[in-house]
Amino acid sequence: MSKTLIIAEKPSLAQKIVGAIGGMTRKQDYYEGQNYIVTSVFGHLLTLYDIEDYTGENKKSWSMEDIPFFPEKFKYKIKNDSGIKKRYKLIKDLINRQDVGCIINSGDADREGEVLINLVIYKIFSELKIQKQVKRIWLEDQTENTIRKELKYARDIKNTENLYKEGLARSYIDWLYGINLTRYISLKAGTTLNTGRVIIPTVKYIYDRDMEIKNFKPETYYTLPGEIEKEGQKIKIDFTDFKWKKEQLEAARNIENNFKNANIKVISVDNKTTIKKPKKLFSLASLQNYMSKKYKISLNKTLSIVQSLYEKGYLTYPRTNTEYMAEEEIPKVENIIKVINNSDIELKVTKAIFDSSKVESHSAITITEKIPDVSKLIDEEAKLYNVVKNRFMANFCKEECKLNQTTITFEIQNVSNEYKNQAKLKGTSILQLGYLKYENDLSEKAIPNFTEGEMLNCNFKLEEKQTTPPSKVTEAELNKFFEKPFKKQEIDNDEENADDDEDYKAILKGIEIGTPATRSGTVEKVKKIGYIKAEKNVLSITPLGERFIEILNQLNINLYKEKTVELSQNLKKIYNNEILIKDLLKTEEQQIKEIVNKNIEIERVESNSKKSNKKSKTKLGLCPICHNIVVENKAGYGCCGYKDGCKFFIGKNIAGRDISKSEAKQLLDNGETGLLQGFVSRAGKNFNAKLVLDNERKIKFEFKYK
């Protein structure tokens with residue numbers, strides 16, 4: 001009987017698939033049942049060739065003679081890791097089984113998942129000189145119902161072929177720019193300066209802001225606000241026309257003297273009842289920005305938390321660029337509302353929530369029908385889950401949010417007509433809570449009661465002020481720049497229901513920098529290289545970053561936002577079948593050739609920071625305790641949050657057995673390894689066991705396994 005082999009992107013997903021299918025038996029690093037075999041990769045098993053792999057030369061240093069280099073055909077190799085090689089062989093053996101008639105790609109529901117699994121399948125097909133049917137499942141969430149439904153209706157891999165082509169093109173373009181320009185710039189500068197298609201505009205954005213701050217010259221000016229007292233509350237009223245430059249100080253003081261006996265009169269009191277709508281559902285960027293502002297959590301950490309909740313089945317797929325849901329998901333939402341069983345919530349089918357025209361691959365991030373016991377989640381997981389749940393509840397709240405918005409208009413009295421300026425004071429009172437009971441985002445303040453014609457004593461006092469420089473770039477602002485590189489960044493935009501049609505048309509055309517899946521990783525990479533530094537999510541350029549941008553300018557390398565967006569648009573054209581990969585590569589190769597062939601000489605960088613000269617450590621995964629990065633060191637695999645007190649650590653040798661990088665990664669990704677052989681007890685006896693993370697995130701042996 002023919003069986004179907006399912007290849008998941010992570011062991012944790014493989015286990016969920018096994019649970020959804022049921023009746024499967026654990027084998028050596030895979031599961032098998034009557035109709036299915038389930039296994040997984042753990043991250044990228046393959047990597048693109050380096051230049052030396054193509055040339056066959058084993059050079060220890062870079063040379064201008066080797067660049068620009070353009071492969072005739074891009075090739076992939078297995079990563080040099082014993083665990084990865086072992087897993088690749090296992091998958092190859094399973095694909096080659098006579099009883100396996102179909103293979104299902106169960107990579108993450110994104111471009112990377114498409115490429116990551118397909119590359120392994122197609123490379124093995126080529127090596128074995130065979131061809132078998134390949135299908136795809138696309139998991140918007142990892143609940144058992146969704147998994148079973150996707151397996152039942154698994155689609156032919158041709159349905160996602162354009163996504164695969166775009167993913168390949170993105171990898172090839174990043175290789176061409178990353179390999180060629182990193183070597184070119186580094187050789188010219190005399191020190192290693194890593195670069196790439198998205199790295200350059202990222203550093204440039206922060207560089208430009210810091211240069212603006214550095215060159216800013218403050219200017220003195222004067223204002224004349226008034227202060228009144230009403231119902232025991234002191235209220236400041238700004239008359240916007242009263243503003244003078246430094247050289248106008250004498251005139252400003254004369255006006256202040258004229259206002260000593262002035263009163264202000266309430267000209268009008270305007271009350272208006274309004275319906276306030278909740279903010280839209282979360283895209284990854286808007287969720288990252290919210291968590292950054294409210295809890296000071298970095299973009300990368302937010303992504304790791306929401307990814308963890310997705311893998312546990314509590315949230316939908318995180319790497320989305322939309323705040324809308326597809327219309328075909330209405331029944332799914334109806335089911336979630338039934339599970340919540342809250343009489344205050346009802347299904348609302350409106351374009352503000354459901355609009356398929358604004359959904360590219362994935363809908364907005366929402367809760368699923370699988371509701372967790374929040375008290376058992378890690379603190380930051382609980383915070384993020386509640387944020388997403390409350391936004392969901394706000395959007396489907398039955399009761400409308402009604403506000404009374406009051407606008408008071410004042411006019412200065414007892415002065416000559418030329419000074420009879422008017423000022424407005426606005427305040428809000430809540431008539432009906434509505435969605436505010438789930439997410440109170442009301443920023444307007446309440447004000448006392450005023451009556452038309454009322455006269456008030458007002459104290460006018462001249463204030464000296466200075467113009468202020470622009471603020472430092474925050475991670476949230478940088479994230480907005482990635483999303484909308486040609487639009488002014490407004491993190492605190494309260495226009496929840498503003499027309500965003502043009503924004504979504506731009507996104508669908510590829511007018512963006514990076515993707516939701518890669519942006520936070522880019523920021524972390526640029527920090528790690530040493531071009532920028534972060535303090536409480538505020539970003540600053542470093543001396544190395546300044547020199548990097550200066551060198552780009554000296555070498556006439558203009559790969560700033562305009563060029564990066566152009567490349568992004570071309571990648572989207574590949575997805576839409578408007579251009580071919582080979583034609584895009586030919587165009588970009590010509591541009592790289594023009595840059596390198598200029599061969600401009602510049603002043604070399606004498607020394608580099610210690611941090612930038614250190615060998616880059618391989619990121620194995622995320623710490624299960626604090627969600628920081630886990631990297632390899634001499635003794636094992638430790639959390640980078642150790643300076644903040646995190647003590648999570650995986651030893652390189654446990655009970656007399658060496659633990660490989662791939663096994664450590666499996667433990668981080670899945671919370672457990674496969675069955676490991678060769679441990680030695682204190683009594684000197686050999687034993688086999690799995691390594692697992694218990695509820696306290698401590699490493700334990702597990703001897704009972706299926």
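A short reminder: the numbers here are calculations on the coordinates, not readings from a lab. As the structure is a prediction and not an experimental result, all values here were calculated from the model. Cβ placement follows ideal geometry from the backbone for every residue including glycine, while neighbour counts extend to all protein chains displayed.
With Cα atoms as the point set, segment 72-229 shows a radius of gyration and Dmax of 25.4, 87 Å. Relative contact order, whole percent, for the chain stands at 15, derived from Cα pairs under 8 Å and 6 or more residues apart. Gain on full extension, evaluated as 0.36 nm per residue between K402 and Q98 minus their Cα-Cα distance, stands at 102.8 nm. For the chain, the longest principal axis of the Cα atoms and the long axis of helix 661-670 meet at an angle of about 60 degrees.
Magnitude of the charge dipole for segment 284-395, about its Cα centre and with charges confined to Cβ atoms of Lys, Arg (+1) and Asp, Glu (-1), is about 440 debye. In plain terms, the residue of S356, S61 with the fewest other Cβ atoms within 10 Å comes first and the most crowded comes last, giving S61, S356. Shape descriptor for segment 153-219: Rg over Rh equals 1.28 (Cα atoms; Rh from the Kirkwood inverse mean 1/r). In the chain, a dipole from Cβ-located charges (positive for Lys and Arg, negative for Asp and Glu) runs towards its positive end, and of Y575, Y54, V523 it is Y54 whose Cα lies farthest in that direction.
Placing pseudo-labels 7 Å out from each Cα toward the beta carbon at I130 and R148 gives an inter-label distance of 3.1 nm.
Cross-link check: pairs K73/K132; K279/K665; K445/K472; K277/K527; K296/K376 evaluated at a Cα-Cα cut-off of 32 Å; pairs beyond the cut-off: K279/K665; K277/K527. For the chain, the longest principal axis of the Cα atoms and the long axis of helix 161-189 meet at an angle of about 80 degrees.
Using a cutoff of 8 angstrom between alpha carbon atoms and counting only pairs six or more residues apart, the relative contact order for segment 619-702 works out to 20 percent. Sorting the segments 267-280, 153-166, 315-328 by their residues' average number of neighbouring beta-carbon atoms within 10 angstrom, most packed first, yields 315-328, 153-166, 267-280. For the peptides 539-550, 212-223, the ranking by mean Cβ contacts within 10 Å, running from highest to lowest, is 539-550, 212-223. When the charge dipole of segment 284-395 is built from unit charges on Cβ atoms (+1 for Lys and Arg, -1 for Asp and Glu) and taken about the Cα centre, the candidate among V388, P331, I297 whose Cα reaches farthest toward its positive end is I297. In a reduced charge model with +1 at each Lys and Arg Cβ and -1 at each Asp and Glu Cβ, the chain shows a dipole moment near 3000 debye about its Cα centre.
Remark: the S268-D238 segment gains 9.1 nm on full extension, using 0.36 nm per residue and subtracting the alpha carbon distance.
Pair-distance distribution P(r) for segment 284-395, from all Cα-Cα distances in 10 Å bins starting at 0: 14, 47, 33, 5 percent.
Note on segment 619-702: with charges restricted to the Cβ of Lys and Arg (+1) and Asp and Glu (-1), its dipole about the Cα centre is near 260 debye. Computed extension length for E550-Y295: 88.3 nm, one decimal, from 0.36 nm per residue of separation with the Cα-Cα distance subtracted. Radius of gyration (Cα atoms) of segment 398-459, expressed as a multiple of 2.2 N^0.38 Å: 1.56.
Pairwise Cα distances in segment 3-168 exceed 27 Å for 28 percent of all pairs. Estimated translational diffusion coefficient (Stokes-Einstein, Kirkwood radius over Cα pairs, 25 °C, 0.890 mPa s) of segment 237-352: 122 µm² per second.
Would you be so kind as to identify which of L667, V680, V630 lies farthest towards the positive end of the dipole of segment 619-702, taking Lys and Arg as +1 and Asp and Glu as -1 on Cβ and the Cα centre as origin? Checked the options; the winner is V680.
How much of the DSSP beta bridge set in segment 3-168 is antiparallel, as a percent to the nearest 5? Beta bridges within segment 3-168, antiparallel portion: roughly 40 percent. Using alpha carbons only, how many degrees (0 to 90, rounded to 10) separate the axis of helix 284-295 from the longest principal axis of the chain? Taking the Cα atoms of the chain, the angle to 284-295 is about 60 degrees. Computing Rg and Dmax of the Cα atoms in Å directly from the structure and comparing it against (1) 33.8, 107; (2) 30.0, 100; (3) 38.0, 128 singles out (2). With no solvent and one equal point scatterer per Cα, compute the Debye intensity ratio I(q)/I(0) for segment 536-603 at 0.13, 0.26 Å⁻¹ and report its log10, rounded to two decimals. Debye intensities relative to I(0), on a log10 scale: -0.55, -1.14. State log₁₀ I(q)/I(0) for segment 619-702 at q = 0.15, 0.26 Å⁻¹ as given by the Debye formula over alpha-carbon point scatterers of equal weight, solvent excluded. Calculated log10 I(q)/I(0) at the listed q: -0.51, -1.34.
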